[in-house]
Amino acid sequence: MSDISAYFRDFTSALLGIQVTDSSGVSVNLDEGAARAVAMIESLGPAAHKAILVGNGGSAAIASHMQNDLCKVVGVRALVFNEAPLLTAISNDDGYESAFPGLVDLWADPDDLLIAISSSGRSENILHSTRAAVERKCQVITFSGFSAQNPLRATGELNFYVPSDLYGNVEMAHSVLAHFLTDCAMTRALTDQETSQVK
């Protein structure tokens, strides 16, 4: 692909075509879905609960960036499982598909929030992570792409799906979505602080 204008048009189409479904597979308006996702982030509070983010490759980078923003600008506890020594130790002994779910079992508490990111929506370690989180009574948000029937899209309370089979489009859309959610949560947190100071 050498036509950058066409590339941008294709990405814009994928971004504006993001679909949201709930845990029953019922479609949710994008604005409503984003508002519900922000409310789930806000429900964590500064100390009560935490966000756990999982992804592989480029999705791991998005998870790390979102974790950084959740901690630094939103003020909620958030963690990722990308530390190489621990991840490789568990993967070597138990298999890579078991690494993230094992760590979810170790760290997740009821009402925590798991954000699971996978371009294909078919990565076994991510799918197992969402199941582990549900078993521990966590909230779950998923970001996926490629096939509309990908299995990850059926595992979250909120599922954001990017209708594209290009990694670049899906990963960029996930990154934009992550920025939007954290920016909204940050704005609301700052508004709450200003309101409490006035009182």
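The values are calculated or read from the model by the stated rules, or taken from the named source; none is laboratory data. For clarity, every value in this text was computed on a predicted model and none was experimentally measured. Cβ sites come from the backbone with ideal geometry, for glycine too, and all protein chains shown count toward neighbours.
Assorted remarks:
- Any hit, the range 31-44, residues being assigned to a loop (DSSP other than H, G, I, E, B) and either modelled with pLDDT under 95 or closer than 22 Å to Ala132 by Cα (or both): yes
- Within the range 130-151, residues that are in a helix (DSSP H, G or I) sit with their Cβ atoms under 6 Å from residues that are β-branched (Val, Ile, Thr), at 6+ positions apart or across chains, in these pairs: Thr130/Val140; Thr130/Thr155; Ala132/Val104; Ala133/Val104; Ala133/Val140.
- In the set Gly17, Gly25, Gly33, only one residue is closer than 26 Å to Gly168 by Cβ, surrounded by fewer than 16 Cβ atoms within 10 Å (Cβ to Cβ) and touching a residue at least 40 places away in the same chain (Cβ under 8 Å); that residue is Gly17.
- Exactly one residue among Ile62, Ile90 is modelled with pLDDT under 95 and not in a loop (DSSP other than H, G, I, E, B), and that residue is Ile90.
- Residue satisfying all of: in the range 36-45; in contact with a strand residue (DSSP E or B) (Cβ under 8 Å, 6 or more places away or on another chain) and surrounded by fewer than 18 Cβ atoms within 10 Å (Cβ to Cβ); farthest from Ala108 (Cα to Cα) among these: Arg36
- Single residue of the range 88-106 satisfying the filter (small (Gly, Ala, Ser) and over 14 Å from Leu53 (Cα atoms)) that is farthest from the chain's Cα centre (by Cα): Ala89
- Within the range 11-30, the set of residues being of a type outside the set (A, V, I, L, M, F, W, C), outside any loop (DSSP other than H, G, I, E, B) and under 16 Å from the mean Cα position of the chain (by Cα) comprises Gln19, Thr21, Asp22.
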